[in-house]
Each structure stands twice: as C-alpha cells, then as structure tokens.
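The structure appears below as structure tokens.
The values are calculated or read from the model by the stated rules, or taken from the named source; none is laboratory data. Computed from a predicted structure; not experimentally measured. All Cβ positions, even for glycine, are placed from backbone atoms using ideal geometry, and neighbour counts span all protein chains on display.
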Amino acid sequence: MKIQYFPDTDTLHIELSPAEVRETRDLDEDTLLDLDAAGRLCAITIEHASDRVAIPAFSYEEISAATVNPLQSRAYDKGGNPMDLTRSPKDDDTEAKIALLSEYRKLAEWVWRETPALKKQYPDHWVAVAPGGELFAAESMDQLLAVLDEKGLRDANVFIEFLDTNPRPAIL
C-alpha cells in the first residue's frame, strides 16, 4: 500500500495494490476508484482532500481479531518462515539483524507518532513497546524493567521512551 498527498493540487492518492488500472469509476464528484482487470479495487483518488479527510491526523494500525495492539508487524526469512524478533539473532545472521533493526524502527516511529496521545494517557511515565505491539508503562525505569522481566521481554527487541510532559532544553 502506498499513500501520496499532493499539496499543490490538494489530491490524496491511495494505492492499495500495484496492479494495472483497467477502469476508473467516479464514486462521487471528487472521488475516483481505480479497478484492475478482475474488477478489484486497486487505488482511490480523493480531490479537495484537505476539505474531506484529516490528512495531518493520518495513522496506521493493523487490527487482529484476537488482539488489539498498536502494532502488528512480522518479518519473514527468505523461505517465507516467520522470524522471531523477540530475541537477538546469531552473529552471522545478517538477514535477522536487518529484520530486527527494521522492527525496532517501526516500534520507535509508532511511539514518536503517538507521543501526544501517550503523554495524555501516561504523563511522565516510561513506556516500552514490544514486537507485536504490546505496550507497557511504568512510573520508573526500574518498574518498567521489572514488568519486562515478568513478561520475558527483558532481552527482547523493545523500544523504550520517557514521556516527559515538561522537557527541559539542553545547552551543549
């Protein structure tokens, strides 16, 4: 999926699949639906987008039927087998290290994107997000690490951040 916003024309384009467009249908005056050869929706174009959708408030969540987590991402090896991103890879496993770093980046980006909402819910707390999207919060780092120990995630690929509601400038 690819989402593009063109501010000069105020157009939002959402590509759902890279399939070749065979037909474009007007949903309404400012919304176009692109269909592939099989009639499946492959893109949506929204004109006058800033008047119709909350572009600055965009976020992405994958919701599982069994669990509602802030993140649901998975990595697979070259054979298509799921990789365990909760433990450190072997020294010679470059593919696993890249997947681990990619997962860590996704966790960090989610926390940074959601920081305003998280600060409201957990002001001046430490938060940790683990692969799979489990979110943990505690008033101190020691408490947070104890929770991660209890869940068996102390050595896992977790992203930890302090949600400071009164950040102080640093002069270097």
(request) Check whether at least one residue in region 51-61 is modelled with pLDDT of 65 or more, outside any loop (DSSP other than H, G, I, E, B) and either aromatic (Phe, Trp, Tyr) or surrounded by 14 or more Cβ atoms within 10 Å (Cβ to Cβ) (or both), and report yes or no. (result) yes
(message) Just to be sure before I move on: is Glu29 modelled with pLDDT under 90 and among the acidic types (Asp, Glu) in the structure I sent?
(response) no
(message) Restricting to region 149-172, and then to whatever is polar (S, T, N, Q) and surrounded by fewer than 12 Cβ atoms within 10 Å (Cβ to Cβ), can you tell me which residue is nearest to Leu107 (Cα to Cα)?
(response) Thr165
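Mind telling me which of the residues Ala146, Ala108, Ala128 ends up being within 22 Å of Pro167 (Cα to Cα), among the aliphatic types (A, V, I, L, M) and surrounded by fewer than 17 Cβ atoms within 10 Å (Cβ to Cβ)?
Ala108
Could you please find all residues in region 20-50 being among the β-branched types (Val, Ile, Thr) and either part of a loop (DSSP other than H, G, I, E, B) or over 15 Å from Lys2 (Cα atoms) (or both)?
Pass one, region 20-50, residues among the β-branched types (Val, Ile, Thr): 21, 24, 31, 44-46.
Residues satisfying the conditions are Val21, Thr24, Thr31.
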(request) Would you mind telling me which numbered condition in (1) in contact with a helix residue (DSSP H, G or I) (Cβ under 6 Å, 6 or more places away or on another chain); (2) surrounded by fewer than 10 Cβ atoms within 10 Å (Cβ to Cβ) Asp8 fails? (result) (1)
(request) Please give the number of the condition Pro116 fails out of (1) assigned to a helix (DSSP H, G or I); (2) at pLDDT below 85; (3) not small (Gly, Ala, Ser). (result) (2)
(request) Only residues that are crowded, with 16+ Cβ neighbours inside 10 Å, on the phi < 0 side of the Ramachandran plot and assigned to a loop (DSSP other than H, G, I, E, B): list them for region 131-143, please. (result) Pro131, Glu134
